[in-house]
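The values are calculated or read from the model by the stated rules, or taken from the named source; none is laboratory data. All values reported here derive from a predicted model rather than from experimental measurement. So basically every Cβ, Gly included, is an ideal-geometry build from the backbone, and we count neighbours across all protein chains shown.
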Amino acid sequence: MEDTLVRNPRDQASFLSLLTASWINDVLKLGSKQPLEEKHLLVVGTSYQAERLVADLEREWLAEERASEQNRTKPRLWRAMMRIIPYRDYIIVAFFRIFYLIAFNIFPLIVWFFLKSISTSTEISYKSTLPIIIGIALATFIRTLCSNHGSFKVDVLSTKLKVGMTGLVYKKASNFHQKSGSNKA
């Protein structure tokens with residue numbers, strides 16, 4: 001790749017920019033005006049590079065084989081796959097899911113308070129209904145945000161695992177093919 005690649009703005013993005021994905025706006029604006037060239041593309045982080053994912057999975061698989069040999073158990077590929085994803089990513093997905101569930105379950109409660117307040121009182125008070133309306137909007141916003149970001153994070157993790165697995169299978173098949181070819185000769 002060229003040295004003129006644009007540094008990934010995600011690395012310096014603020015929390016709000018990460019939350020709204022506005023860190024990628026410049027590339028999207030440029031892409032809407034002209035076809036993007038390689039020099040416009042963002043640098044891929046090392047944790048997303050296929051070579052590293054395959055190497056990490058192979059390293060963890062070999063460690064799993066050694067550990068299972070010592071424990072006299074079968075090696076489990078899922079254990080190796082789980083170890084190539086950092087714990088931080090699992091925690092982030094869990095937080096998104098927890099906040100989604102909280103917002104999902106609190107929403108009907110807030111709506112119930114709103115309906116109760118407008119049905120029991122003879123005149124509607126903005127002081128009592130405004131916080132409830134803000135609560136409804138906030139619960140909906142949190143639910144949507146956590147659902148979208150959580151789904152995206154899980155998609156990224158599954159793609160990383162898929163790339164690692166595909167590369168590892170290709171590598172093993174290639175080695176097997178080379179070994180079987182040398183045995184015939």
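Close contacts from region 93-119, counting a first residue that is assigned by TED's automatic domain parsing to the domain that holds Ile132 and farther than 16 Å from Ala139 by Cα and a second that is part of a helix (DSSP H, G or I) and not aliphatic (A, V, I, L, M), with Cβ to Cβ under 8 Å and a gap of 6+ residues or different chains, come to Val93/Gly150; Val93/Lys153; Ser117/Ser128; Ser117/Thr129; Ile118/Thr129.
For Ile24, indicate whether it is outside the structural domain of Asp155 (by TED's automatic domain parsing) and farther than 30 Å from Lys171 by Cβ. Yes.
Within region 34-84, the set of residues being modelled with pLDDT under 90 and among the acidic types (Asp, Glu) comprises Glu37, Glu38.
Looking at region 16-65 only, could you name the residues that are surrounded by fewer than 15 Cβ atoms within 10 Å (Cβ to Cβ), among the small types (Gly, Ala, Ser) and assigned to a helix (DSSP H, G or I)? Of everything in region 16-65, those that are surrounded by fewer than 15 Cβ atoms within 10 Å (Cβ to Cβ), among the small types (Gly, Ala, Ser) and assigned to a helix (DSSP H, G or I) turn out to be Ser22, Gly31, Ser32, Ser47, Ala50, Ala63.
The number of residues in region 87-136 that are exposed (fewer than 11 other Cβ atoms within 10 Å of the Cβ) and in a helix (DSSP H, G or I) comes to 9.
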